[in-house]
Every structure is written in structure tokens, then in C-alpha cells.
Amino acid sequence: MSPDEAFDDGVAARAVIAADGTLTEWSEGARRLLGHTAAEVVGRPAAALLADGAEPPSVTDDSRWSGTLTLRHRDGHPVSVWVLAHRRPPDGPKATDWLAVSPPESGGQGMPDDPLVHMALTQSPCAMMIFDERLRLRGLNDAMADLLGLPAGRMVGLKPTDIGSRPQNTELEDNLRRVLDTGRRQDMQTYMKATGESRAAHAWLARMAPLTDGTGRVRGVCVTAHDFSDQYRSRERLLLVNEASVRIGTTLDVTRTAQELADVCVPTLADFVSVDLLDPREYGGESAGPPVPPLSLRRCAHQSVNRGSPEAVAKPGQVQVYPENSPQSASLMAGHTVVASGASGDLERWLAWDPLRYRRIQEYGIHSTMSVPLQARGTTLGVAVFTRFRRPEGFTPDDVLLAEEVTARAAVCIDNARRYSRERETTLTLQRSLLPRTLPRTAAVEAASRYLPATRSGVGGDWFDVIPLSGMRVAMIVGDVVGHGIQASATMGRLRTAVRTLADIDLAPDELLTHLDDLVVRLSAESGGDDGTGEVGATCLYAVYDPVSRRCTLARAGHPLPLLVPPGGPAHHLALPSGPPLGVGGLPFEAAEVELREGSILVFHTDGLLVSRERDVDAGGRMLREALSGPAGSLDEICDRVLNTLLPPGGSSDDVALLLARTRGLPSTQVATWDIPADPALVAPIRKQVVDQLERWGLSEATFTAELVVSELVTNAIRYGAPPIRLRLIHDAATLICEVSDTNHTAPHLRRAKTWDEGGRGLLLVAQLTQRWGSRHTAEGKTIWAELALLDEEI
């Protein structure tokens, strides 16, 4: 019989045994071996094929068994057969079948005298095996037999999938077919533990080369196996360092950066990684020497090969105290990595101080830990602890170098994030101190606001304010300084202070913006320097609402248009003249006046609310109108709905300021007006009319003070003003306002009268009796006003 006939597909005997022990498949080679046909044995117990008195095999390995069995031939005589059995990969969650294979009879007698075998053996000094054109094993050397853990002569005639059921066997068989078809070499890399090895899994490189005869025909394939674990680990370390440089430090967030460090190192370097940081309030500055134990470390992040990180003894954000004899404290005090292992006994000694950690070591089989200090720019930030329990090998010096390289990169990123967080918090504190903590309660409007700093570029110069004015009027302002950072916040604070000062003298909106524009021009000149790099720019919207007339006057300087939501109607933009941004200088501003129904909502905002990476200003405007036209509710609910609709979950890339004001109207019954003749003799009748009006309003407690104030203001207007003269009283639940208007533009000034002066004490008396007083210019002249606090009068 020729060598090729000895390896005919029908010669090797194969049978498949189900989990319940019955035969499900029976090959032609099995029929030749025992004489039974497939129809006679399929569906029957495999144990029925054992010869009388033969013991069934005792399977101690869940994946493979090999040995000699005494089987019963169909004609009754016993047959001694060497059998290799292994589990086949499961198709589902159920138990797998067993594939039992017996090589050809010639296999038991050793490898045949085959020129292909001798050719391969002389060409390769390493673990090697040879397959023929039909993927039958024709020979292997002792080195390969040792790796497979089977006798060399027993495997001859088997396919790769007959020898084992691992995925690598199937992949090897596919590569062998590719070599036979193309005649080209193939390489196959895998990470596994060879069956005949006692050590842990490692990297293998299988090289497959075609074997050709004198005519160039491919007659077989030579397979050599090489252990390239050192090269594999070196490549993995380089990949980890490269991945760490890409994945760690993607944001300026301390917690996120620490989590990225843990994620990168699991499972490549360790099975569990924890990152604990020193409290930045205690160690947030520059280097102050090594920390002194016991150390309080806050768990910032951890990651595990097990879902949910059950090995962790601390939750993120939790603070734990580490004594001097802990690996964490030891590594931080020494300033270098501390490795502890269970084999040397130092791991148990290190963790004797913590019973919980000791129990976790026993529960999960932790055998090695590596504590690496996180240091950057001379500052100790914390410690990263690497733990192994699933991987059997301990940490090597190369692992220590790799961990130190990765943590050094992460430490710089954490330090950058911590410095950024500190600077951002400083800027936010400044920003909050410059913005109103609460909005004043006024009779003119009900107001609500929101301010959100930028998530990436830092806080900016967005601001808003609500300023009570005389005559129960109220000013509302929203502004935006160009740029971000402390400089923008400081500029915003100066502009807000200037607006309050200008609003206190009751300037019209267009005049106020003109003065504010001059201020921004001066600030830009002061900070710009010779190169002009410090230019200051801003936009602003200023509005004044009068609840008596229910009219609102607005002017804007390059700012987005406000919106109006009338009661029961859809939101729409108000048509206002477009003024230039503040800081341009020399260009005029125009004001517009609109009449508002009581309950109307004015909406002021900065451009950060509308613009994002996903949409432009027009799309943002449509979304804002839709959000404002939703169900009516409180102003706080509307603010939240607007922000949730327009801002992405991660926040806006620019500052956002939002101010909502629901208008109120003052009924005509709470306003009384008199035209005053320019005759001092008529002051007494006017006082009598005021007293009668206060009695009708139920404000008799304020009569005495109001009478004195009205008398003084009317007398001064008759004496120093110009007709026509008008007196107006306005009141709400808490305030009574007295206003006297005339056409003289000269404003009175408070002065201290000398001992023998006959006059000069009137305004001083008014200032003492009222809550506040002042004057404002009008188109016709001026108005002197004084406010009386009714609640104080009642008390």
C-alpha cells in the first residue's frame, strides 16, 4: 500500500458522542475498524462498544482525553484501540458533544518513511509538523509532540480539528488550505497555553510554508511554532503607552482623567486598577514636601475585569485613611513604586491593617499589587494601585517601568486638570460675586434668571440685572463681553457697575448705551497697549418698563433681539433698531417703545443660548420660540424648559445668560394726579387733597409724613420751577411715591443750611423722612420724587 493510501480519509475512525452518552455520528473509518455500520450503532449508547470486562474511560479533563480502549468488534473479538477524545465547540448554552478519533493503524507503529517528513525535519529546528494535500498530519517532531501533550506516532493521519477543538485548530486548518491553494507562506499569531505546557498562556507564532516536489507542485505544508512572548509583550507595552497618550487627558476634568487611566490599564496591564488622590484643598498648591502618614486619599476612579468592580473596597468619592505600613503610604513617602506579592508573603503583611482588604484578597485570589505614586511638576497628587488576580503571573520589572510611564503621563494630565479646575473655580467665584445673587422684587415685573458658564472655554462676560427705578419703574439689562476668562469677568463687573450708576440717574435707554459705549472705548484704550491685543468689546440690551403706563422702552447695542410672549399668544421677536456693539464709538443708538399687556413675558438672552455646533442662529431662534410658546407656568419652569430644549446635555460651548420678566400693571385707582397752579397760597388746599386721597386708599398712617413731603416738594417747584407743575401719588402694598414735575431742567441739590439761614432745610427734611429720593430728567423738564415705606410706617 502506498503512503498516500495509508492516509485515505476512510482509514481514520471518528465517532461523535452526545452528552447523554449515545452515538450521533459514525464514520467509514470506524466501520472498517470495528465492522459496525452507522445504522447499527447511531442512537445506541457508546458504552455498548466496550469489550466485556473493559472499564469506561475516567474523564478528569473537561476538554480532552486520550488513551487505549478495548472495544468489541462486530464479530465479537476484542480490538485494542488508541483513542483521542475532546469536546467540540458548543452551538448553544447546552453541553457539548465529544469527538472521538482513532488514527490509522500505521500511526500506532510510528511515522512512515516519508520523504516529505525527512525534508521538513532537516529544514526546521523548532517545533514542527507536516500536513499533506488532504490536511492529514504526516509527521511531527518531538518538540511539537511535547507541546501537544500527545505521543507523536499516535497523531499521524489526523486533521488539526481532530487533534483539538479550540478555535485555533479551526483557524490553523483554514490557513493550511490557503497555503495549499495559493502556494504562499502564511503566519498565524495566537495567545494560548499549549496543552502540554504547565505555564500560563503566552504568545505563539505559527509559520506555514508550502512543501513542493521537483515539478513545483505543492505536496504539503510545513508548520513551525515559535514562542514570541517577549516580542509580544514589548509590542503590547508600546501599544499601551501609545493608547495612553491618546486616551488619557481628553478633558480637563480630574475625575474623567483618572478614570481614563484606569480604563487604559485594564486588562492590558492589570485586572483591577484604582486611582486615589490627595485632597486638593490640602495638597492643591505647589510642592510642600512629601505627604506625612496617615494619609487621607479620595477614591477618584477604578476599573476591573469584573463587571461592577466588586473587588473595590471604596466607592468613587469616598475618603479612606491609609497608615504608614500600607503600600499606598509607603509608595508616596518613598516616591517610587512598591510591589507586593502573595508568594513572598509581603502582601499579607502590608494589608494586615485592613481586614476588609485582606478578605477581598482571599475571596478573589489577589496575588500581586503594584502601588505607583502620581507625581507631576514636583507635586504629589496621589497613588495608582494595579492588582492582578485573574492573570497568574506577578508584576515584572518591565511591568513596573510600563506602569510608571503611563502614570507619569496621567499625572501631568491630572495636574493640568486640577490647575484648570482651580482657575475655573476662581473665575466662577468672581463671576458669581459680580452677578446678582437674587433678583429684586418689584411691583412692575416678576423676574427669573439663569446663568450657565461655558463647559470648555471657561466663564465669560455674560451678565444680567434688574434695577428698580423711580416711579415704580424697573430697568432690565442683559450684556455679553467678548472673550472668556478672568479678564472678561472683570470687564463685565465694571460695565455692570457703570450701568447701575447710569440707571440711578434715570437716563433714557439710548442715552445710557451712549455713555456705556464711551466707557468701553476708554477701557479698550487702557488695556489694548501698543499692539491693540487687549481690545474690549461688548453687546448690551437695556429696557425700562413703567407699570403705570404699561409701556416699555428698549435700546440695544449689537445684542440679540428680545422676545415677547403675550398672554395666550405665541412668542415673537420685538422689532428694535440695531445699534452697533459697545466699543465701536461715534455711532448713535435708537430706542423703541412698545405697549405691553399685563402678564406679558419679556425674554432677554445672550447669543450662547442660540448658537451651537449643530445649528445656526436662525435654527436656535425657532427652537427658542417653540420652547417659549409651550404650556404656561412659572418663570422658573419656563427657564428650565428653554435650557433643556436648546442646550446639549454636556452644556454649551459659550456662556448663557437668560432673563425672563412677566409684566404687571398698576391700576389707575392706585395713581392720583393733580395739576398745581404756580401760587404758593394754594399749597394748603393741595395738602388737604392729598390727605383725603390717602384716607380713601386706607393709608392714614402715612398721612403726616406724606403731607410734609408733598408740601416741601410742591413749594420748591412753585418757587424754583417753571409751570406747568404736576403732582402724582403712586402706591402699592409697600411703597408710597410722591412725584412733582415741572418744565425747569435745573435739578435740586441737597445742602446743609447754616444756623441763621432761612431756607435750605427742605430737601434735608425730605431725605430724613423718606426711604429714598431723587430727580430724573424728562423730555419736558424734570421730576423730583420721594419714596415712603408703608410697612415701616405701620410698624
Looking only at segment 367-394, which residues are surrounded by fewer than 23 Cβ atoms within 10 Å (Cβ to Cβ) and over 19 Å from Gln259 (Cα atoms)? His367, Arg377, Gly378, Thr379, Phe389, Arg390, Arg391, Pro392, Glu393, Gly394
Set Val223, Val254, Val275, Val218: member being buried (at least 18 other Cβ atoms within 10 Å of the Cβ), within 30 Å of Ala145 (Cβ to Cβ) and modelled with pLDDT of 90 or more: Val223
Sort out which residues of segment 258-279 are β-branched (Val, Ile, Thr) and part of a helix (DSSP H, G or I), and write them in order of number. Val264
May I ask you to list the residues in segment 182-215 that are of a type in the set (Val, Ile, Thr), modelled with pLDDT of 85 or more and within 19 Å of Pro167 (Cα to Cα)? Thr190
Hey, Gly583 of a type outside the set (Lys, Arg), in the same structural domain as Leu561 (by TED's automatic domain parsing), on the phi > 0 side of the Ramachandran plot and buried (at least 17 other Cβ atoms within 10 Å of the Cβ) or not: yes
Among the candidates Leu609, Leu596, Leu564, Leu554, single out the residue that is touching a Pro at 6+ places or on another chain (Cβ under 7 Å) and either over 21 Å from Gly471 (Cβ atoms) or among the aliphatic types (A, V, I, L, M) (or both). Leu554
Could you tell me how many of the residues in segment 160-206 are part of a strand (DSSP E or B), surrounded by 15 or more Cβ atoms within 10 Å (Cβ to Cβ) and not aromatic (Phe, Trp, Tyr)? 7
Based on this model, can you work out whether Ala209 counts as over 30 Å from Leu401 (Cβ atoms) and outside any helix (DSSP H, G or I)? yes
Among the residues of segment 599-640, write down those that are exposed (fewer than 14 other Cβ atoms within 10 Å of the Cβ), outside any helix (DSSP H, G or I) and within 26 Å of the chain's Cα centre (by Cα). Arg613, Glu614, Asp616
(1) at positive phi; (2) within 37 Å of the chain's Cα centre (by Cα) all hold for Gly479 apart from (1)
So Ala678 fits all but one of (1) assigned by TED's automatic domain parsing to the domain that holds Leu736; (2) assigned to a loop (DSSP other than H, G, I, E, B); (3) among the small types (Gly, Ala, Ser); (4) modelled with pLDDT of 90 or more; what number is the exception? (4)
Do the conditions hold for Ala555, that is, is it under 22 Å from Thr663 (Cα atoms), touching a Ser or Thr at 6+ places or on another chain (Cβ under 8 Å) and without any contact (Cβ under 8 Å) to a residue 60 or more places away in the chain? no
Are any residues in segment 61-84 in contact (Cβ under 8 Å) with a residue 60 or more places away in the chain and more than 13 Å from Leu33 (Cβ to Cβ), and if so, which ones? Ser63, Arg64, Ser66, Leu84
Of the listed residues (Thr553, Thr497, Thr501), the one being of a type outside the set (Phe, Trp, Tyr) and under 37 Å from the mean Cα position of the chain (by Cα) is Thr497
Within segment 684-795, considering only strands (runs of 3 or more DSSP E) that don't extend past its boundaries, which have at least 1 residues that are modelled with pLDDT under 85, over 25 Å from Ala503 (Cα atoms) and polar (S, T, N, Q)? none
If Thr663 passes every condition in (1) surrounded by fewer than 21 Cβ atoms within 10 Å (Cβ to Cβ); (2) out of contact with any helix residue (DSSP H, G or I) (no Cβ under 9 Å at 6 or more places or on another chain); (3) at pLDDT 85 or above but one, which one does it miss? (1)
Exactly one condition in (1) free of Cβ contacts under 8 Å to residues at least 24 places away in the same chain; (2) of a type in the set (A, V, I, L, M, F, W, C); (3) surrounded by 16 or more Cβ atoms within 10 Å (Cβ to Cβ) is not met by Leu401; state its number. (3)
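The values are calculated or read from the model by the stated rules, or taken from the named source; none is laboratory data. Computed from a prediction, not measured in an experiment: that's the story for all the values here. Cβ atoms come from the backbone with ideal geometry, glycine included; neighbour counts cover every protein chain shown.
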